[in-house]
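Before any comments, here is the structure.
The values are calculated or read from the model by the stated rules, or taken from the named source; none is laboratory data. As the structure is a computational prediction, the values presented were derived from the model and not from experiment. Backbone-built Cβ (ideal geometry, glycine too); neighbour counts: all protein chains shown. Accessible surface areas use protein heavy atoms only, side chains included; no ligands, DNA or RNA. Shrake-Rupley method; radii C 1.70, N 1.55, O 1.52, S 1.80 Å.
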Amino acid sequence: MSDINLDDVFLDAEAALKEIPAQEKLETVSKLAQEQLALEQEIARIEASLSEKKKAYNELSEIKIPELMDEIGIDEFRLSNGVRVSINPFYSGKITDLSAYKWLEENGEADIIKGDVSIPFPKGFSKQHLRAIVNVSKELGLDANVGETVHPSTLRAWIKDMVLSGKQFPRELFNVYVGKRTKLTLK
């Protein structure tokens, strides 16, 4: 008969007890990960469906209804339920070519350009230098990235003004899109 070491028995039992909750927790983590995966897939399906719905909505609002109303020769009418259907012009554009900024400057439209200075700071950089950075950036060995932007709302308003005033400008340079959009209003 062999001698049983009670210390070994207790250690084995303690290890077995620790293993059970760890296994249960691992199963819980596994179930939660599966739930997360299912939610990710459901979100992807919903986003794809939403994208399709937005595309269909825009086709109705910006193409089909305005074209048909243009054919009929009306800008507005009321549905039997009281909803007013009207067609309103809209303007959009986007600057993707840097020569657009040059064109704006050369043609007296530079006031819509907004300046931007971006400087990457290393960790622990002194706050004192921030106050005088424009004057001393090169002296401190920092690269200052100077950029120009036109806010999308400003560009949209500028395009609208240019189109309505009949001024000539290179539309392709500003990726101009002018169209009509249906507006439904309950009065």
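Odds and ends about this structure:
- Among strands (runs of 3 or more DSSP E) entirely within segment 76-187, having at least 1 residues that are surrounded by 11 or more Cβ atoms within 10 Å (Cβ to Cβ) and modelled with pLDDT of 90 or more singles out 76-78, 83-92, 177-186.
- Across segment 26-75, the qualifying residues are those that are over 30 Å from Pro89 (Cβ atoms) and of a type in the set (Lys, Arg), and the one among them that is modelled with the highest pLDDT is Arg45.
- Every pair of residues 6+ apart whose Cβ atoms lie under 6 Å, when the first sits in segment 38-65 and is under 23 Å from Ile87 (Cα atoms) while the second is of a type outside the set (Asp, Glu): Ser61/Arg181; Ser61/Thr182; Glu62/Gly179; Glu62/Arg181; Ile65/Thr182
- Selection of segment 97-108 for residues being of a type outside the set (Asp, Glu) and touching a helix residue (DSSP H, G or I) at 6+ places or on another chain (Cβ under 9 Å) yields Ser99, Ala100, Tyr101, Trp103, Leu104.
- The residues in segment 33-75 that are over 16 Å from Arg181 (Cα atoms) and open to solvent by less than 60 Å² (accessible area, probe 1.4 Å) can be counted, and the count is 5.
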